[in-house]
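The values are calculated or read from the model by the stated rules, or taken from the named source; none is laboratory data. From a predicted model like this one, the values you see are computed outputs, not experimental measurements. So basically every Cβ, Gly included, is an ideal-geometry build from the backbone, and we count neighbours across all protein chains shown.
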């Protein structure tokens, strides 16, 4: 993966078209040309509008025809590296595999592909067994179903009844996942994200989440991907110490602790918890502020299994206050999209655009982006965040799905208008700076500063960039210097785009 800012987007929600239209936006002559070193295409499989916006594929190896086909994707991938999701935990109840199993039961070749309660607990499950299962959402991961042949089954459904968990160790499960990898590799995809990988392996009497057996599965699957020339990103929301452990065993992880810690620093005027994280965070990370999901809370809180011995990066009262501040900054909109207020419940996330989580404060937003870009790792920017997007309350009201508040559909003319906003122009200039300045290929340093301040410095062969943030103000200063010559200093705000671009022009890479 290139050490440049990556884009994460739905194919049809940035420009309102398909793969060809997205290619036109990102390609050589498009308005976003040269801005990103790669693009993560969120599920584009058949269908994109199921129970979970494409994360419940009927056919994981078929591009939804409304978006184009594999040739269109391969054309895009020939110009811009593409990442795609491999949904390893489940498939749709409308898949041909399950429909065959439902009609024929044990006579179907797919019998055993779909996990049942009995398959995991052949001796029966006790109350203790069921309560030991880690849950990201309320209730048990089980759904009672009557098959077409009249049989009744209790199926394993980690997320929704429409998303049926598969047995990744079953012969059909292995063949299914191998077929996805082959299809991706043949289409030029060079990086995959393992979606819901933490839940992929189930074991009686265990948490069924990130167990040693889960790591074994991830390692084996990653090895398969490597043989096909693909890197692997593992998506895990969990206690921060566990994330550090996971990072040691995989290619890439997300820095999901960064978004809430950035908000905490800006809300409280202190960088203490953020500095504690910077001192230990994994560097093989994609740094994010926003994704297609909500803003994670579990990632900086205490370990739910042992809160006393495993405290969080932020105290419980401060974490509660952070959530309430997001709700207040968004005028209560995030409250209407979070927890019991909306379907697709995630107990560990607040649903809100990052811009609205900051109350639309443009300077604070750019400070958060500069922080993201200056931390070691590879930055990834969500398409709504690229345009400093607001909450989409109309879409939320239409779908009733909380995360849709941050999944706006941008028409081409709307993209053009948003790109004219000074805050968006400044963000694009920050992206260009991160992509092109030679300092970011050098040595990183985080020198000591008082509690409300943070310094992030990069240096490569005398080319030096320094970001100094005062969270109490809040304000940020960027300083660029070379081995010879006068340093250039600018204060970061929505009018900074020309000065940021001048820092690139003055560097050897520029």
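Residue under question is residue 194, and the condition is that it be touching a helix residue (DSSP H, G or I) at 6+ places or on another chain (Cβ under 8 Å), closer than 23 Å to residue 82 by Cα and either in the same structural domain as residue 283 (by TED's automatic domain parsing) or not in a helix (DSSP H, G or I) (or both); does it hold? Judged against the criteria, residue 194 is a match. Counting only strands (runs of 3 or more DSSP E) that fall entirely inside the stretch 213-295 and contain at least 3 residues that are farther than 16 Å from residue 6 by Cβ, free of Cβ contacts under 8 Å to residues at least 12 places away in the same chain and not assigned by TED's automatic domain parsing to the domain that holds residue 191, no element qualifies. I'd like the residue in the stretch 405-444 that is without any contact (Cβ under 8 Å) to a residue 60 or more places away in the chain and in a helix (DSSP H, G or I) and, out of all such residues, is surrounded by the most Cβ atoms within 10 Å (Cβ to Cβ). So the residue we want is 424.
The set of residues in the stretch 104-147 that are exposed (fewer than 12 other Cβ atoms within 10 Å of the Cβ) and either in the same structural domain as residue 199 (by TED's automatic domain parsing) or farther than 20 Å from residue 168 by Cβ (or both) comprises 106, 107, 123, 124, 127, 128, 131, 138, 139, 144, 146.
The one condition from (1) surrounded by 24 or more Cβ atoms within 10 Å (Cβ to Cβ); (2) under 30 Å from residue 439 (Cα atoms); (3) touching a helix residue (DSSP H, G or I) at 6+ places or on another chain (Cβ under 8 Å) that residue 338 does not meet is (2). Does residue 34 satisfy the condition of being surrounded by fewer than 20 Cβ atoms within 10 Å (Cβ to Cβ), closer than 26 Å to residue 375 by Cβ and in the same structural domain as residue 201 (by TED's automatic domain parsing)? Yes; evaluated as a whole, the condition is true for this residue. Of everything in the stretch 306-320 that is touching a residue at least 40 places away in the same chain (Cβ under 8 Å) and part of a loop (DSSP other than H, G, I, E, B), the residue that is farthest from residue 241 (Cα to Cα) is 314.
At positive phi and surrounded by fewer than 23 Cβ atoms within 10 Å (Cβ to Cβ) - does that describe any residue in the stretch 266-287? Quick ask: steps written out before the conclusion?
Taking the stretch 266-287 as the starting set, the residues that turn out to be at positive phi are 269.
Keeping just the survivors that are surrounded by fewer than 23 Cβ atoms within 10 Å (Cβ to Cβ) gives 269.
Scanning the stretch 266-287 turns up at least one residue that is at positive phi and surrounded by fewer than 23 Cβ atoms within 10 Å (Cβ to Cβ).
Would you check if residue 372 is at negative phi and not in a helix (DSSP H, G or I)? In short, no. Counting only residues that are free of Cβ contacts under 8 Å to residues at least 60 places away in the same chain and not in a loop (DSSP other than H, G, I, E, B), the stretch 1-20 holds 2 of them.
Scanning the stretch 375-398 for residues that are crowded, with 21+ Cβ neighbours inside 10 Å and part of a helix (DSSP H, G or I) yields 383, 384, 385, 386, 396.
Among 72, 56, which is the only one that is in a loop (DSSP other than H, G, I, E, B), surrounded by 15 or more Cβ atoms within 10 Å (Cβ to Cβ) and in the same structural domain as residue 403 (by TED's automatic domain parsing)? Break it down into steps so the answer makes sense when it comes.
Working: 72 fails: in a loop (DSSP other than H, G, I, E, B).
The unique qualifying residue is 56.
Scanning the stretch 213-241 for residues that are surrounded by 15 or more Cβ atoms within 10 Å (Cβ to Cβ), more than 19 Å from residue 203 (Cα to Cα) and over 17 Å from the mean Cα position of the chain (by Cα) gives 222, 224, 225, 228, 230. Scanning the stretch 462-493 for residues that are modelled with pLDDT under 95 and not in a strand (DSSP E or B) yields 462, 482, 483, 484, 485, 486, 487.
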